[in-house]
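What follows draws every value from the coordinates through simple rules; no lab data is involved. Predicted, not measured: the structure shown is a model, and the values here were computed from it. Glycine also receives a Cβ, built like all others from the backbone with ideal geometry; neighbour counts cover every protein chain displayed.
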Amino acid sequence: MKTQVTHTINMNKKYLVLFREPDGRTDVHTDEEKKLHQQHWKSWAQRWGESGNLTGGSGLTLDGKLILKDGVSRDDIHRNGMEIVGGFLLINAENIDQASEIVANCPVFEFGAVAEIREYQVQ
């Protein structure tokens with residue numbers, strides 16, 4: 001009788017990855033650069049999605065609403081100079097070091113972003 005060996009990775013920690021980036025919609029990229037960037041994203045997401053490490057995420061639009069003190073709101077997004085939160089990922093990983101390794105080769109860095117990894121708070 002043939003015995004099948006399987007390896008189960010303990011991915012019990014969840015991480016949010018925020019992409020802080022220059023507003024790429026104000027930068028000029030050629031159609032070829034954009035196409036190549038999209039191909040890199042597709043390959044990267046497929047790899048980590050199939051492994052179970054990537055569980056969600058999205059780029060974000062520039063449409064938003066800021067809610068301020070006392071419920072005052074205004075139609076805008078938070079900016080730090082020209083930097084915005086341009087997207088996010090949801091990652092399952094054994095620890096923050098593994099999450100960092102996954103994010104380290106993410107295509108978001110091709111256009112000057114910085115990734116911030118934060119562990120979900122255990123409630």
**OP:** Compute the normalised compactness of the chain: alpha-carbon radius of gyration over 2.2 N^0.38 Å, N being the residue count.
**Re:** 1.29
Subject >> Loop GluC sites (Glu not before Pro), segment 68-112 (other Cβ atoms within 10 Å of the site Cβ: 16 or fewer; DSSP) >> reply: 94
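Using the structure shown, list the pairs from 35/69; 13/34; 14/65; 13/69 with a Cα-Cα distance above 30 Å, or answer none.
Pairs exceeding the cut-off: 35/69; 13/34; 13/69.
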**OP:** Please check the chain for the longest run free of trypsin sites (Lys or Arg not before Pro) that are loop-located per DSSP (anything but H, G, I, E, B) and have at most 13 other Cβ atoms within 10 Å.
**Re:** 26-78
**OP:** For the chain, with a Gaussian network of springs between Cα atoms less than 10 Å apart, report the residue from 85, 72, 28 with the top mean-square fluctuation.
**Re:** 72
Original post:
Treating the beta-carbon of each Lys and Arg as +1 and of each Asp and Glu as -1, no other charges, what is the dipole magnitude of the chain about its Cα centre, to the nearest 20 debye?
Top reply: 440
